[in-house]
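Take a look at the structure set out below.
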Amino acid sequence: MRKRIISVVIAAVMMIALFSATGVTLAVRTVLKGDCGESMTWELDSEGLLKISGSGTMKNFQPYESTRAPWYNDYWLTEKVVIENGVSTIGEWAFYNCKSLTSVTIPASVTTIGKNAFCECVALKEIYYGGTQAQWNSISVGEVNEKLSEALVHCSDTMLNEKDEPHDWAKKEVSAAIGDGLIPESLQKNYTGTVSRDKVAQLFIGLIEKVYGRKIEKIMADRSIEFKTGVFSDTSDRAVLAANSIGIIKGVGNGKFDPNGTLTRAQIAAIINRVAVFLGMDTTGYTHEFTDVEGHWVSGELGWPVHAGIINGVGNKKFGPEGQLTTEQTIVIAYRAFQSYSFPDIKRN
């Protein structure tokens with residue numbers, strides 16, 4: 001069965017080469033996919049991009065036939081690896097034979113890289129890391145990963161003077177969101193890094209103001225909602241206070257908001273749902289099939305955002321509620337939310 005799959009892949013690659021030579025462009029498509037952890041999936045496309053999505057710990061692999069990484073036999077196709085935010089561990093021997101691999105995107109959520117994970121990655125030149133240089137230095141890296149130290153590492157605090165743009169999958173929606181005036185300038189950079197809680201508050205308060213065509217203070221006054229100040233000891237940001245006052249983002253306890261902290265997938269889903277309710281939409285009665293949020297606080301607020309196609313699961317009927325979000329993911333989700341919102345009592349300006 002495996003040989004048959006490989007034969008199909010080889011044929012597909014030959015066809016791509018043929019069409020390229022004749023000037024015909026083929027759409028990027030998934031070649032192979034599967035799971036590589038309890039809440040983690042992988043997908044290899046026809047352009048050599050291996051994307052790993054989900055949350056938690058990646059499986060550990062071995063260099064033996066029955067225990068190799070599931071993409072091992074197709075290592076020669078893999079030119080780029082993108083690991084999405086939420087993954088905490090890169091498994092042992094994960095990419096050791098990917099000799100065509102030139103770049104890897106690693107999120108700030110990764111704290112451990114297993115031994116031999118990048119052994120024999122002789123073409124690896126660049127690493128795009130979502131966290132700071134200090135965070136990169138604190139990652140626990142297993143033995144025989146010298147290729148990592150030989151590559152050029154772009155960290156979030158060093159990329160500001162380099163080319164800083166979203167990944168290809170996000171470019172269209174990020175550009176549209178910026179063009180529609182939905183994205184504050186502070187979020188128009190560090191696209192692959194994590195997004196802070198205060199910036200998410202600014203994003204969604206700005207979105208609400210865009211819908212109504214007036215400032216949040218006026219919107220709240222018209223609804224007789226008190227603008228609560230002095231609530232948090234660690235921030236007096238206008239958008240944060242407004243978001244808390246209208247009930248879309250809460251603090252973390254003990255009178256703190258943690259403005260520089262990060263948001264999880266569960267929290268962003270809840271914000272999307274609460275903004276919809278604030279806009280007058282009925283989000284009740286929608287369900288989901290995720291098995292990893294049973295009893296989780298977000299379960300009751302997850303149905304509508306998933307039904308509307310704003311935020312999806314990570315595969316295998318898992319949602320990955322504790323996975324973190326990058327700036328580009330947050331912008332795309334906010335843009336999709338804006339398109340999905342209806343306004344029963346409001347005319348969009």
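The values are calculated or read from the model by the stated rules, or taken from the named source; none is laboratory data. These numbers come from a predicted model, not from an experiment. Cβ atoms come from the backbone with ideal geometry, glycine included; neighbour counts cover every protein chain shown.
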Step by step: first the residues of segment 284-339, then only those that are β-branched (Val, Ile, Thr) and assigned to a loop (DSSP other than H, G, I, E, B), then the one that is surrounded by the fewest Cβ atoms within 10 Å (Cβ to Cβ). Which residue is that? THR284
Could you say which residue among SER88, SER140 is without any contact (Cβ under 8 Å) to a residue 40 or more places away in the chain, out of contact with any Leu (no Cβ under 6 Å at 6 or more places or on another chain), under 18 Å from SER53 (Cβ atoms) and surrounded by fewer than 21 Cβ atoms within 10 Å (Cβ to Cβ)? SER88
Are there any pairs, at least 6 apart or on different chains, whose C-beta atoms fall under 6 Å, with the first in segment 219-243 and under 20 Å from ARG197 (Cβ atoms) and in contact (Cβ under 8 Å) with a residue 12 or more places away in the chain and the second part of a loop (DSSP other than H, G, I, E, B) and among the aromatic types (Phe, Trp, Tyr), and if so, which? PHE232/PHE257; ASP234/PHE257; THR235/PHE257; VAL240/PHE257
For residues that are crowded, with 17+ Cβ neighbours inside 10 Å and modelled with pLDDT under 95, scanning just segment 207-217, find the one that is nearest to ALA276 (Cα to Cα). ILE208
SER149 passes all but one of the listed conditions (1) over 18 Å from the mean Cα position of the chain (by Cα); (2) outside any helix (DSSP H, G or I); the exception is number (2)
Single unsatisfied condition, ALA176 versus (1) in a helix (DSSP H, G or I); (2) among the aliphatic types (A, V, I, L, M); (3) crowded, with 21+ Cβ neighbours inside 10 Å: (3)
Give MET220, MET281 a once-over and let me know the one that is assigned by TED's automatic domain parsing to the domain that holds VAL195, within 18 Å of ALA201 (Cβ to Cβ) and surrounded by 14 or more Cβ atoms within 10 Å (Cβ to Cβ). MET220
